[in-house]
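Shown next, in structure tokens, is the structure this report addresses.
Rule-based calculations on the coordinates, nothing more; no lab input. Keep in mind that this is a model prediction, so the values were computed, not measured. Counting neighbours? That spans all protein chains shown, and the Cβs are built from the backbone with ideal geometry, glycine included.
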Amino acid sequence: MKAPQPPKSATWLLKHFGCGADVDVVMGDLAEHYQQGQTQAWYWKETLAAIIVTAFNEVRGNKWLSFRAVLVGLIVYSYVVLPLTSVVAIGILDTHRELEWRELHVGPGNSVPLIVLSYAIPGILVLLALVMGVVTGWIVARMHARRRAPILLLAIAIPAGFIIGNPSADSFVFWIGVAAIIVGILLGGLFIAGRRQAHSPTEHFHQVG
Amino acid sequence: LWRHSYFFYILKEMKRSLNSSELLVLLVVLRLGDDAYGVPIVEELKRNRFKTGVATVYVMLGRLEAKGLVASSVGEATPQRGGRAKRYFRVTGKGLREVRELQTTLVELWQGVPQLLRESV
């Protein structure tokens, strides 16, 4: 009978976000433990704990690098990505307002663009948030390639806490936007990771077959 | 100046000294002997009423290794582990000395505390 395999998505998460030299060994231990009769819930719990514990340990061991990463993330986000995407967002909102004004004051003409834009605006704003996250995550990961995983987790944790603490956060689109930024940071960071790992000679160092 | 140097001495000692969970891990590595790697260490700790995660144990072992109290070596990879190698740990001479010193101190301190006598609990 074939031995039960641990959840692939959890293993993928640990492989990409686990930190330190022991990630491969931890993955092996978890797989061994799982095959000895542990549940999927146990595997997920251990995976998430491993990501948090190893990231915290890396951040604690590299305080200055972590501080620099947070600073870089905030500067890139606040002074580069946010202003650029705001220009696009304001442009779209202005167009919508202009179409609305024409409909009201000039009379009902072709209202199709207005309706389409009304429905598309939340989607466009979320897409812009995703782009903001991708660019921020990409730059932060590129500058800290060796400590990518803990730095990315830090890059997510700090802006998320900063944005969640904003009292004006009351709309559904805002929360989706926050989620899009977080997903974007991960995607942007992992894009670098994927390319790095493809060329890394140590990736399969301890693996057999 | 003396006060300041004493402060730095305390900081240095705090970094050097073992905490209780690190002592437990050291003892478990000693008990397991040649079979001391992640899974048995976690299981043995659990058997002794100390529940902890696999990654946490590795973080502690990493700290112990940095202090020179344990040493590690890469073991065999098995299909059960998805082809990943084991990492075996053993307590170094320095680690053993540290455990002995702590044992002596703890035993001496315990003996003089009436509240800790089995009958009084």
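Measuring from a point 7 Å past the Cα of A:Trp42 along Cα-to-C-beta, which residues in the stretch B:23-38 have an amide N at less than 20 Å?
Backbone N within reach: B:36-38.
Using the structure shown, select from A:Lys8/B:Lys67; A:Lys15/B:Lys94; A:Lys15/B:Lys46 the pairs with a Cα to Cα distance greater than 32 angstrom. Don't jump to the answer; show the numbers that get you there.
Details: A:Lys8/B:Lys67 36 Å; A:Lys15/B:Lys94 34 Å; A:Lys15/B:Lys46 26 Å.
Where the Cα-Cα span goes over 32 Å, the pairs concerned are A:Lys8/B:Lys67; A:Lys15/B:Lys94.
Rounded to whole Å, give me the distance from the Cα center of the stretch A:14-34 to that of the stretch A:69-105.
Using only Cα atoms to place each centre, the spacing works out to 42 Å.
Which shape class applies to the stretch A:1-134: rounded if a/c is under 1.5, otherwise prolate when a/b exceeds b/c and oblate if not, where a ≥ b ≥ c are the square roots of the Cα gyration tensor eigenvalues?
Values: a/c = 6.04, a/b = 2.07, b/c = 2.92.
Note, shape of the stretch A:1-134 comes out oblate.
Rank the residues B:Arg87, A:Arg68 as a footprinting-exposure proxy: fewest other Cβ atoms within 10 Å of their Cβ go first. Numbers along the way, then the final one.
On the way: B:Arg87 22, A:Arg68 15.
Ordered from fewest to most neighbouring Cβ atoms within 10 Å, B:Arg87, A:Arg68 come out as A:Arg68, B:Arg87.
Taking neighbour Cβ counts within 10 Å as the exposure measure, how do A:Met143, B:Met60, A:Met132 sort from fewest upward?
Details: A:Met143 16, B:Met60 20, A:Met132 25.
Ascending number of Cβ neighbours within 10 Å: A:Met143, B:Met60, A:Met132.
Listing A:Arg147, B:Arg100 from the residue with the fewest other Cβ atoms within 10 Å to the one with the most, what is the order? Display every interim value, and only then the final one.
Details: A:Arg147 20, B:Arg100 10.
With the fewest neighbours first, A:Arg147, B:Arg100 line up as B:Arg100, A:Arg147.
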